[in-house]
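*Asks:* Can you keep this structure in mind? I'll have questions shortly.
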Amino acid sequence: MNEFLKYLKMIPVIIYPYIYVLILVVFFLFVDVLPEDTTDISLLVLLIIAVIYNLYSFVIVIVNAVQTARGKLTAGQAARMNLIIKGIQIPAYIMHFILGFIGLAMSVWGIGFLLWAVLIDLLTILLTGISSIGCSIRMRKERLVSLPGAIFMGIGCFIYCVDVAIAIVYVVKARKKSPAK
């Protein structure tokens, strides 16, 4: 149960690339329902929610990285959490790639789509990369990877597609150390 709570705190990071789509859908569904003079207030409220959500997500990945590095999670737990986060976000990356491609195909009129997709993807990879640093340190402390390997993989966690491959490698290495229960 305690391990479940450690995963639970990472839900905002797990759903990070999806939450913006949800917020936009909710806004556009209700923009016509709201009185016209409240549209600006609604946008301000959405902006405030976005800022708070981003700050919370940023703080929680730093806390997670520090706690993992200090040993609150084992290498196996950290590796599984890292893989779960990155695995769940794969469809969002595909969705943002398609959105960016549509924006690119729309030329000047699609620049908003393209910038939106790139910005959300960059923020997401930044958050998951910071969280993965703790996993890299824990893997090194438990002698599952060498120091150069931990540094290389820690940097690799900030690179699209490479981060998923590294997450898989971490899980495999952690399993080799402690067989399944």
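The values are calculated or read from the model by the stated rules, or taken from the named source; none is laboratory data. Small disclaimer: the values here were computed from a predicted structure and weren't measured. Cβ coordinates were reconstructed from backbone atoms using ideal geometry, including for glycine residues, and neighbour counts include every protein chain displayed. Only protein heavy atoms, including side chains, enter the accessible area calculation; ligands, DNA and RNA are left aside. Shrake-Rupley method; radii C 1.70, N 1.55, O 1.52, S 1.80 Å.
*Asks:* Quick check on my filter: what residues within the stretch 74-95 are surrounded by 23 or more Cβ atoms within 10 Å (Cβ to Cβ) and under 30 Å from Leu115 (Cβ atoms)?
*Replies:* Pass one, the stretch 74-95, residues surrounded by 23 or more Cβ atoms within 10 Å (Cβ to Cβ): 75, 78-79, 81-82, 85-86, 89.
The answer is Asn82, Ile85, Lys86, Gln89.
*Asks:* Follow-up question, since we're still on this one. Can you tell me which residue among Leu119, Leu115, Leu47, Leu73 is within 15 Å of the chain's Cα centre (by Cα) and of a type outside the set (Gly, Ala, Ser)? Write out each step before concluding.
*Replies:* On the way: Leu115 fails: within 15 Å of the chain's Cα centre (by Cα); Leu47 fails: within 15 Å of the chain's Cα centre (by Cα); Leu73 fails: within 15 Å of the chain's Cα centre (by Cα).
On inspection, the qualifying residue turns out to be Leu119.
*Asks:* Next question, about the same structure. Quick check: anything in the stretch 99-116 among the hydrophobic types (A, V, I, L, M, F, W, C), assigned to a helix (DSSP H, G or I) and under 16 Å from Cys161 (Cβ atoms)?
*Replies:* So far as the stretch 99-116 goes, no, none of its residues is among the hydrophobic types (A, V, I, L, M, F, W, C), assigned to a helix (DSSP H, G or I) and under 16 Å from Cys161 (Cβ atoms).
*Asks:* If you check Val51, Val59, which single one turns out to be out of contact with any Phe, Trp or Tyr (no Cβ under 8 Å at 6 or more places or on another chain) and within 30 Å of Val172 (Cα to Cα)? Break it down stepwise before answering.
*Replies:* Numbers: Val51 fails: within 30 Å of Val172 (Cα to Cα).
After applying the criteria, what remains is Val59.
*Asks:* On to the next question. What residue, among those in the stretch 137-181 that are among the aliphatic types (A, V, I, L, M), over 22 Å from the mean Cα position of the chain (by Cα) and under 14 Å from Ala78 (Cβ atoms), is least open to solvent (accessible area, probe 1.4 Å)? First the steps, then the outcome.
*Replies:* First pass over the stretch 137-181, keeping only residues among the aliphatic types (A, V, I, L, M): 137, 139, 144-145, 147, 150-151, 153, 155, 159, 162, 164-169, 171-172, 174, 180.
This time we only want the ones that are over 22 Å from the mean Cα position of the chain (by Cα), so: 144-145, 147, 180.
Still in the running and under 14 Å from Ala78 (Cβ atoms): 144-145.
Numbers: Leu144: 29, Val145: 12 Å².
Across the stretch 137-181, the extreme among qualifying residues is Val145.
*Asks:* Every residue in the stretch 138-181 that is within 18 Å of Asn64 (Cβ to Cβ) and among the small types (Gly, Ala, Ser), please.
*Replies:* Those that are within 18 Å of Asn64 (Cβ to Cβ) and among the small types (Gly, Ala, Ser): Ala150, Gly154, Ala167, Ala174.
*Asks:* Here's a follow-up. Identify all residues within the stretch 125-181 that are of a type in the set (Asp, Glu) and part of a helix (DSSP H, G or I); write none if there are none. Explain how you work it out, then say what you get.
*Replies:* Applying the first criterion (of a type in the set (Asp, Glu)) to the stretch 125-181 yields 142, 163.
Scanning the stretch 125-181 gives a single hit, Asp163.
*Asks:* Follow-up question, since we're still on this one. Would you check which residues across the stretch 122-136 are open to solvent by 20 Å² or more (accessible area, probe 1.4 Å), touching a residue at least 24 places away in the same chain (Cβ under 8 Å) and within 15 Å of Gln89 (Cβ to Cβ) and list them? Even if it seems obvious, please write down each step before you answer.
*Replies:* Filtering the stretch 122-136 down to residues open to solvent by 20 Å² or more (accessible area, probe 1.4 Å) leaves 122-123, 126, 130, 133.
Filter once more, so that each one left must be touching a residue at least 24 places away in the same chain (Cβ under 8 Å): 123, 126, 130, 133.
Leu123, Leu126, Ile130 - these are the residues of the stretch 122-136 that are open to solvent by 20 Å² or more (accessible area, probe 1.4 Å), touching a residue at least 24 places away in the same chain (Cβ under 8 Å) and within 15 Å of Gln89 (Cβ to Cβ).
*Asks:* Applying the selection to the stretch 46-73, what residues are open to solvent by 70 Å² or more (accessible area, probe 1.4 Å) and not in a helix (DSSP H, G or I)?
*Replies:* Hit for the stretch 46-73 is Lys72, nothing else.
*Asks:* Within the stretch 20-37, is there a residue that is surrounded by 13 or more Cβ atoms within 10 Å (Cβ to Cβ) and at pLDDT 90 or above?
*Replies:* First, pick out the residues of the stretch 20-37 that are surrounded by 13 or more Cβ atoms within 10 Å (Cβ to Cβ): 20-21, 23, 27, 31.
Remaining after also requiring at pLDDT 90 or above: none.
For the stretch 20-37, residues surrounded by 13 or more Cβ atoms within 10 Å (Cβ to Cβ) and at pLDDT 90 or above: absent.
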